Amino acid sequence: MVILRDKNPRVNGIPLKDRQLYPVLALLALSDIEDVRSLILPETLDRECIMKVWELCKSVKLQQSPLLSLVVEMATHQAKNWTNYPEDVASLLYVVTKSITWNDEETSTPLLRLVVRSLCALRDAMMETGRGDVAERELVSAQTSEVVYLLLEKLSKRQEITGRCNLRALSCARTAGQQAAIGWLPMLE
């Protein structure tokens, strides 16, 4: 765990100063090198190592799909291990919110469903464990619902058709002049 110092950063209304965060989550949520230098590291973490991980996080934050994939992994791990405080969930929401404001990548469409599921599971686990301040948990829970709604809205705008049944329903019927359709076009493969 790392601790932020010097500044009083807030993520989605949750103050992060003097709060413990997972190192990778902190690096994903932080925006510049000065923020990274302000981290208080435990003795077990080497600053040089953290700077290398920072470089990796910067490259992951450049593309939507790898970032969302990492968010799914982190949220799933946190929900299963009951290690979620409001600041952890708020930091993940911040990362997701930043990534969905970018240009849409079609490759991220399947990931959006996974992000929705993992964020909902993380929110539910956070509320069940009762860790952190009650008001902060309620605020983060409401923010999670807003982000999930945005993700579902994005998904609804993307046309993704899978399965033979859906393809058949969308196949065009053949017509012969003014007569009714006489058959289906071949299936799209």
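FYI, it's all coordinate maths here, none of it is from the lab. It should be emphasised that the depicted structure is a prediction, and the values quoted were computed from it without experimental measurement. Counting neighbours? That spans all protein chains shown, and the Cβs are built from the backbone with ideal geometry, glycine included.
Tell me, Met74, Met126, Met51 in order of fewest to most beta-carbon neighbours within 10 Å?
Ranked by crowding around the Cβ, least crowded first: Met51, Met74, Met126.
Classify the stretch 66-149 as rounded, prolate or oblate, taking a ≥ b ≥ c as the square roots of the eigenvalues of its Cα gyration tensor: rounded when a/c is under 1.5, otherwise prolate if a/b is larger than b/c and oblate if not.
It is prolate, given that a/c is not under 1.5 and a/b is the larger ratio.
Would you work out if the stretch 2-158 is rounded, prolate or oblate? Take a ≥ b ≥ c from the square roots of the eigenvalues of the alpha-carbon gyration tensor; rounded if a/c is under 1.5, else prolate when a/b is larger than b/c, oblate otherwise.
oblate
What FRET efficiency comes out for the pair Thr101/Leu62, r = Cβ-Cβ distance, R0 = 22 Å, nearest 0.05?
That pair, Thr101 with Leu62, gives E of 0.95.
Using a 7 Å offset from the Cα along the Cα-to-Cβ direction at both Met51 and Arg113, what is the distance between the two label points in nm, to one decimal?
Reported label-point gap for Met51 and Arg113 is 4.4 nm.
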